[in-house]
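Here is the structure we will look at, set down as structure tokens.
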Amino acid sequence: MLNIVLFGPPGAGKGTQSQKLIDKYNLIHLSTGDLLRSEIAAGTELGLKAKSLMDNGLLVPDEVVIGMIENKVRENSHAGGFIFDGFPRTVPQAQGLDKLLLDLGTEISCMLALKVDDEELTKRLLLRGQTSGRPDDQNEELIRKRIQEYNTKTTPVADYYAGQGKFCAVDGIGEIDEIFADLCKQIDSLKEKQQK
Ligand code: AMP
């Protein structure tokens, strides 16, 4: 299986690049942000609880997102692989994912991290807010809060995968297709190594 963690702060381009990668490599896209927004739209109890945290730019509890991911991964256990987008966002989430994948006889192949500076992120998210309809993209203070959550709670996840020799950084500023080509280069060399 090819299991990729597509990593990066809010607005780094994870959603855009995931769409292109799933088409090219035939992978299943699992975005915890999208899953949580579906729960909110469906008016579930989980969605109601998550909404107030999301509306304040705060992370949803680990056990909630791990549970959602576990259901989706088990439902699709015969897939060729997954792209995890916006997950894991904390070290306990990364540990939970490792445990789940081990149980299925597989593992994370690599973390691809999109690097974008905070000012560019804020600009991109405010622009996205004009069309995305996402309340958390429309307020600069909230955007800065989300970036701060990322810098404090999520950055350690990169060290977690670096410790396993699975971390790879890619420049997330530039043309979408150029960034996509850089990501593909990393994935192709990984696939070559997997086949050896
Ligand atoms: P995203 O669409 O990835 O930007 O996520 C939107 C919001 O959903 C985040 O600001 C968090 O409140 C919540 N969220 C998404 N994924 C996670 C996660 N893995 N852990 C905790 N909270 C999450």
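The values are calculated or read from the model by the stated rules, or taken from the named source; none is laboratory data. Since we're looking at a predicted model, the values are computed, not measured. As a convention, Cβ positions derive from the backbone with ideal geometry for all residues, glycine included, and neighbour counts pool all protein chains shown. Heads up: the accessible areas ignore ligands, DNA and RNA and are worked out on the full protein's heavy atoms, side chains in. Shrake-Rupley method; radii C 1.70, N 1.55, O 1.52, S 1.80 Å.
Of the strands (runs of 3 or more DSSP E) lying entirely inside region 78-189, those carrying at least 3 residues that are open to solvent by 10 Å² or more (accessible area, probe 1.4 Å) are 167-171. For region 63-73, the condition of being within 12 Å of the ligand (Cβ to nearest atom), open to solvent by 20 Å² or more (accessible area, probe 1.4 Å) and not aliphatic (A, V, I, L, M) holds for at least one residue. The set of residues from region 47-61 being within 8 Å of the ligand (Cβ to nearest atom), crowded, with 17+ Cβ neighbours inside 10 Å and in a helix (DSSP H, G or I) comprises Ala50, Met54. Could you tell me whether region 17-26 includes any residue that is over 12 Å from the mean Cα position of the chain (by Cα), open to solvent by less than 50 Å² (accessible area, probe 1.4 Å) and not β-branched (Val, Ile, Thr)? Within region 17-26 (the criterion being over 12 Å from the mean Cα position of the chain (by Cα), open to solvent by less than 50 Å² (accessible area, probe 1.4 Å) and not β-branched (Val, Ile, Thr)), the answer is yes, since at least one residue qualifies. Scanning region 29-46 for residues that are part of a helix (DSSP H, G or I), of a type in the set (Ser, Thr, Tyr) and surrounded by fewer than 16 Cβ atoms within 10 Å (Cβ to Cβ) yields a single hit, Ser38.
One residue alone among Glu75, Glu149 is touching a Gly at 6+ places or on another chain (Cβ under 8 Å), more than 15 Å from Gly13 (Cβ to Cβ) and not hydrophobic (A, V, I, L, M, F, W, C), and that residue is Glu149.
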